[in-house]
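> Provided herewith is a single structure, encoded as structure tokens, for subsequent inquiry.
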Amino acid sequence: MAQLRVLPQSKETLLQSYNKRLKDDIKSIMDNFSEIIKTARIEEEHQVSRSTQGEQDNYEMHVRSANIVRAGESLMRLVSDLKQYLILNDFPSVNEAINQRSQQLRALQDECDRKLISLRDEIAIDLYELEEEYYSSSVCEPGALPLCEAYWIPDSSPQDPCTPVMSENGALPSQGHASPHVNGHGVSMSEHS
């Protein structure tokens with residue numbers, strides 16, 4: 001609880017010191033500028049000669065202009081300090097910026113995931129069509145074991161070695177008899193036993 005009170009007080013003191021610096025620098029600029037304007041007036045003869053008075057006025061103008069420059073640089077440092085203070089201590093806006101960036105990155109990730117899933121589906125469809133074309137176009141020679149035999153259960157009297165054997169319900173045999181690999185190439189019945 002004590003730290004919660006200390007932080008606002010230190011912020012308040014810091015902001016008050018910034019405010020004081022701002023007022024002092026602006027007052028210094030205004031005072032020095034008005035004194036330069038006063039010095040630029042031509043006055044009547046004094047106890048010193050005109051050339052001596054001119055040198056004194058010249059020196060005073062240089063000093064006052066240097067004071068204006070110093071006050072301007074001090075104001076620039078004040079602006080820099082305020083920016084740094086705002087950047088380092090403005091946690092709500094920092095958190096908001098972090099949340100916005102994370103939402104942008106999540107949206108980008110979701111878009112990439114959707115594109116990858118779409119690409120995967122397209123490749124799977126194309127691969128399936130290519131496998132269908134490959135296995136339907138292969139010529140089965142009598143006496144030779146065709147590649148497509150891994151998908152069918154051997155029957156005692158097959159009409160064609162490349163024709164799949166249907167079960168009683170009219171469906172192709174289940175994968176319990178011959179399980180094809182992921183790439184579409186199955187294994188023969190002799191490998192299972």
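The values are calculated or read from the model by the stated rules, or taken from the named source; none is laboratory data. Fair warning: this is a prediction, and the values are worked out from it, not measured in the lab. Positions of Cβ are backbone-derived with ideal geometry, glycine not excepted, and every protein chain shown enters the neighbour counts. The accessibility values were calculated without ligands, DNA or RNA, using every heavy atom of the protein model including side chains. Shrake-Rupley method; radii C 1.70, N 1.55, O 1.52, S 1.80 Å.
> I'd like to check something: does the stretch 68-83 contain any residue that is more than 20 Å from E35 (Cα to Cα), of a type in the set (D, E) and either within 41 Å of the chain's Cα centre (by Cα) or in a helix (DSSP H, G or I) (or both)?
yes
> Here are some residues: R50, R77. Which one is open to solvent by 70 Å² or more (accessible area, probe 1.4 Å) and modelled with pLDDT of 80 or more?
Sole residue among the options that is open to solvent by 70 Å² or more (accessible area, probe 1.4 Å) and modelled with pLDDT of 80 or more: R77.
> Which residue out of S102, S65, S118 is under 30 Å from R21 (Cα atoms) and either of a type in the set (A, V, I, L, M, F, W, C) or at pLDDT 90 or above (or both)?
S65
> Output the qualifying pairs, or none if there are none: Cβ atoms under 6 angstrom, residues six or more apart or on different chains, first residue in the stretch 101-122 and at positive phi and assigned to a helix (DSSP H, G or I), second residue surrounded by 10 or more Cβ atoms within 10 Å (Cβ to Cβ) and among the charged types (D, E, K, R).
Hits for this filter: zero, empty list.
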